[in-house]
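Trainee: Take this structure first; my questions come after.
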Amino acid sequence: MRTRNKPRPATVFGIDIGKNFFHVVGLDAAGMPIQKATFRRDTLLQFFERAGPALVGMEACSGSQWLARKIAAMGHT
């Protein structure tokens, strides 16, 4: 994983789900963006394994339930 895509201590992560790429924005407690990154599916899960527990929001689609279960199993809400 590239250095710029290491998780920063964020309070909230937002995920924009795509077919091949996922865009993630990390927000601090004040709601200010502190990180923006783009991942493939496999690297997205590696990112959330390394990130501290946070609230994760994403759009509702056919794959979001699977992804939400995977991320929740890593300790995120």
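Trainee: In segment 48-77, how many are under 13 Å from G14 (Cβ atoms) and of a type in the set (F, W, Y)?
Mentor: 1
Trainee: Which residues, taken from segment 61-77, are touching a Phe, Trp or Tyr at 6+ places or on another chain (Cβ under 7 Å) and over 16 Å from D42 (Cα atoms)?
Mentor: Quick first cut of segment 61-77, residues touching a Phe, Trp or Tyr at 6+ places or on another chain (Cβ under 7 Å) only: 71, 74, 76.
Selection gives H76 alone.
All of the numbers you see were taken from the coordinates with simple rules; none came from a lab. These numbers were taken from a predicted model, which means no experiment stands behind them. No Cβ is skipped: glycine too gets one built from the backbone with ideal geometry, and neighbour counts run over all protein chains shown.
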